[in-house]
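The values are calculated or read from the model by the stated rules, or taken from the named source; none is laboratory data. Since the model is a prediction, treat every value here as computed from it, not as a measurement. Every residue, glycine as well, gets a Cβ built from its backbone with ideal geometry; the counts of neighbours run over all protein chains shown. Side chains included, ligands, DNA and RNA excluded: accessible areas come from the protein's heavy atoms. Shrake-Rupley method; radii C 1.70, N 1.55, O 1.52, S 1.80 Å.
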Protein chains: 2
Amino acid sequence: MLRFSKRVEYGLMALLELDASANGGYLPVKDIAERHEIPQDLLGKVMQALTRAGYVASTKGMHGGYRLVQPLERVTVGKVIESLEGPVYLTPCCDDSKSCRQQDHCNIRRPILRVQEHLLRYISQLTLAEFREGDPRPIEMNIGEQCV
Amino acid sequence: MLRFSKRVEYGLMALLELDASANGGYLPVKDIAERHEIPQDLLGKVMQALTRAGYVASTKGMHGGYRLVQPLERVTVGKVIESLEGPVYLTPCCDDSKSCRQQDHCNIRRPILRVQEHLLRYISQLTLAEFREGDPRPIEMNIGEQCV
DNA sequence: AAAAAGGGGACCAGATTGGTCCTATTTTCA
DNA sequence: TGAAAATAGGACCAATCTGGTCCCCTTTTT
């Protein structure tokens, strides 16, 4: 599976919404959830994680909510994924701490590691600024003639 | 989650193994499974799918098994994933047939589609030949100065 | 006839995921 | 001062996905 989880989707949506509606004030989860039809409680959890990750800040009480703490230029897709679903790796054995049955006689570990490095580099360079509506940039890297 | 499923892992391992041990003959699932400590029945299913996808061919009976039908140069990681776990998309709404609650007022659909296109292009250009042991190629695309 | 192999359906157990519920705490405001 | 609105976060649940097993069938070789 190469899918985004709902948590990640919701997180990205919320960050973009905060950016778009940012008037210096705080936007409550309720508003974001309603605008984008996201289950409110779930979005709450997501925002908590983004707070812990340092991308947004919150205040409680009336007129409370969340606000962006970093410009989207400094928020990468990779970091968002990481804060919402943990470290990214294509196979468990790519995570140093874990291993698999195949262990040594594995003929795909190294190439998969290399693919993963590519992937990681890509999503860690891709900022949410490039997700803004109307952003002209095509969100892709240069691809040589051959995929080497 | 951006993970490979076990099915995909096993499929890649088997294809590489067939390539490495190819002496024109057929290699039975049992052998591949034992060499790489893969559950035999599960690998059986995987091989069946790869057969239907046209990458390997099989014969039954004694001395039967599987053999590569296409050189690894013509087998891409993208296609292997597709044959083993269906179409690749980052979010359900990227699959035309499906939709999501957010539908219209979704602020991430387009950028995610663009990211997905990039990803698809990458894995559909990446061939298993580049997975061969000792392959010198670094398995990555050229990356410009900025991630555009 | 027996053995070895693939084809494939049925099924199951554990993990993951998406989502809800509830309570506590903080802040604002009437 | 008390109600309302908001975040913080633990507990939990239901549905789905995944990895894996089991069983039976057909084909091929010996």
May I ask you to give the percent of accessible area on region B:6-131 that is carbon plus sulfur, with a probe radius of 1.4 Å? 49 percent
Rounded to whole Å², per residue accessible area for region B:6-131 with a 1.4 Å probe reads 47 Å²
Computed from the beta carbon distance with a Förster radius of 22 Å, FRET efficiency for B:GLU73 and A:SER124 to the nearest 0.05 stands at 0.15
Two pseudo-spin positions, 7 Å from Cα along C-beta at A:LEU42 and at A:ALA22, lie apart in nanometres by 2.6 nm
In terms of the alpha carbon gyration tensor, root eigenvalues a ≥ b ≥ c, rounded if a/c is under 1.5 and otherwise prolate when a/b exceeds b/c or oblate, region A:6-131 is prolate
Run the paramagnetic zone check for B:ASP31: 7 angstrom along Cα to Cβ, then residues of region B:51-68 with backbone nitrogen under 17 Å. B:56-68
Residues of region A:61-90 with backbone nitrogen within less than 11 Å of a virtual label 7 Å along the Cα-to-Cβ line of B:GLU85, please, listed as ranges. A:90
Between chains A and B, what is the buried accessible area in Å², counting both sides, with a 1.4 Å probe and ligands, DNA and RNA left out, to the nearest 100? 5800 Å²
Among the listed pairs A:LYS45/B:LYS79; B:LYS6/B:LYS30; A:LYS6/B:LYS45; A:LYS6/A:LYS79; A:LYS79/B:LYS79, which have their C-alpha atoms separated by more than 26 angstrom in this model? A:LYS45/B:LYS79; A:LYS6/B:LYS45; A:LYS79/B:LYS79
